[in-house]
Every structure is written in C-alpha cells, then in structure tokens.
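Each value in this text was obtained by applying a stated rule to the coordinates, not by laboratory testing. Predicted model, so just to flag it, every value in this text is computed and none were measured. Positions of Cβ are backbone-derived with ideal geometry, glycine not excepted, and every protein chain shown enters the neighbour counts.
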Amino acid sequence: MVDNGLSFLLINMKYTPKTLLIATRPWSFPVSIAAVLLPGLYVWNAAVAHSAASSVSIGASLHTALMLLWTLLSIMLIHAASNLWSDYFDYKKGVDTDPSIGSPTITGGLLTARDTLIYGIILLAIAVLNGLAVAWGAGWPLLVFGVIGTLLVIGYPLMKFHALGDLDIFLTFGILPTLGTAFILTGELLWSSLWVTPMFATITVAVLHANNTRDYIRDGQAGIHTFAMLIGARASQSIYYIEIWLPLLWSALCVGLTAFATTEGCNPHFGWPLLIASLIAAVPAVRNSRVMAGLTHGGPIDTLDQFTAQQQLLNTLLLTIAFITQILIG
C-alpha cells in the first residue's frame, strides 16, 4: 500500500504541493516549533547565566545548531503525520462529517481517506528515519524518546477515543521534546529543563481540547469518549481557561521567584523580558476565553482550535524574543 501511495503522491502528482501542505494543517505547527525552540533557548540562557556549568556545552558549535534544526524537522514531520493519522480515524469513526466544522482534509475533498492514511504513513516513516539519524548523532537516550514519541503518535487515535488524547499530546509535544532538546544541547538528561514545559505545553493541549469541546456532542454520537465528553461542557470550559492562562501565570511566577532558565533552578538575572512577554501574550488569551465562553451562551467556537494555535504562535514568538534578549543582556 505504501508503494502505491508513493507512486500516487510522487509520480502521478494527483495532488498539488499546496494541497498536500494544507492537508497537514500547517496552522497547527506552532505547537511543534515551540516544543523544540523554547527548550533550546531555555537551556542556552541557562548556560549564559551559569557559564561555569561545565555540563552545558552550547551555542558555539555549528553541529549543535544543525542538530536542533534536524530535531525540529523531525517533530514537525511527526506532527504532520499525527494530524493526517487523526483525520483518517476521525473520518472512519464518523467524527468528522461536516467540512465546515473540523478538518476538511477528507470531508472537504482535499484527499481521499485512503490517500490520507498513506500520506500519514509516508510522513511518519520519513520522520522515523530522520529521528534515527538525529539519535545516531546525539546518543541512544534520544532514540528512546523517539520510540516513545512514535508509539504515542501511532496510538493517538485510540487514546483520544478513550479520553487520553490530552495526555498523549502533553507527552508528545511537551515532556519528550523538552528532555530530548536539552539532551542534544548538554549530553545529559536535564530534568530541570522541564521548568520551561508549562510555558507552552498546556496551550498545545488546549488546541486539542478546544477541538474536542466543540465536537463533544458529535463525538458522543460517533461512539467515542474524549476527555471533554468525560468531564462535560462547563468543566471543559474551565479546563480550557486553565490551559491557556497557566503558561502566562507560570512565566510571571518564575520571574517573581527567579527560579527560571538555569540548570540549578535559580537565575536572579532573568526578569523583565519574560514578564513583558507574558503580559503581551494575555491579549489573545482574553479573546480565546471569550470565544470559549460562547459555548454556553450560544456563540460559535468552530475555529477556536485555530485561534488557540495562533495564541501559541504569538506566545512562542514573545518567549523567543524574551529568551534572546536575556541572553544578550546576560
């Protein structure tokens, strides 16, 4: 089937490159970019703040920079494959039937169901090969992270249909890439790098949660059980508010405690850039909170998942600026 898919996608060129790109839902890629970029800058800032920490060898090597870019490519490929994989099983389960709501990859006629599955398998295979190459250069612990991440991607539809999709996403685009990126930069399992995870990972989960909250009635009719269905509409709203506001509050808290961006858990030099970033990032959080409030007030939340991804994009951009600013000022 994969051989037929390669012929179909690469030789016959039934689909245009633009169609193939749209089918992967590129608007969601900020969540995978954040998963590598922010932990990388976090550890780099820690190295600048504590330059005597011999365990952190970072920034000066072109090899390290290339490894990070390679890792970013891997996780974006995995993300694209996961989106296609999810679209296929949502369609087969009868979850996605209306092209105006949810992903239009299959229901909107971008790709057939079979080609969506084949395309997802091809991208996942490329991601696995790419990840093996990264692990070869970085060390076997990265291979372990990659294997776990691949299994989570493959198992995502099953976990989503049994109320564990949110946990799957948090691990795949939060915990694992944070530890993996820190390992590439330091050669160690740097558990303190997890300090940065709440600054982006819960917004990533909120993208999925917004989708599932919007679809909780249709999901029930399709016979699946998402986390949003399990806890109900009002509780889902509350969880969503926590997910999009926690990163901003966490950033402010870390500034206040000066317990941020360091392998030792404390960096008194890190302050105002992060605080300003968290204040600006509150703007889309307010908008998205109002949209989610419409769930119980008759308002539409059809595109809230895309709005949430936009929030993640701005959050990532602001945090990137904050980290780089702090690196420059020391």
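Miscellaneous remarks
- Once the Cβ-Cβ distance of Ala113 and Ala233 is raised to the sixth power relative to R0 = 35 Å, the FRET efficiency obtained is 0.70.
- Here r is the Cβ-Cβ distance between Ile148 and Lys93 and R0 is 30 Å; the resulting FRET efficiency, rounded to 0.05, is 0.75.
- Bins of 10 Å from zero: percent of alpha-carbon pairs in segment 139-233: 16, 40, 28, 13, 3
- Computed lengthening from Ser192 to Ile126, 0.36 nm per intervening residue step minus Cα-Cα distance: 20.7 nm
- Fewest-first ordering of Arg234, Arg25 by other beta carbons within 10 Å of each residue's beta carbon gives Arg234, Arg25.
- Taken along the Cα-to-beta-carbon direction at a fixed 7 Å, the label points for Trp27 and Trp140 span 4.5 nm.
- Sites Ile324 and His225, calculated FRET efficiency, Cβ-Cβ separation with R0 51 Å, nearest 0.05: 0.75
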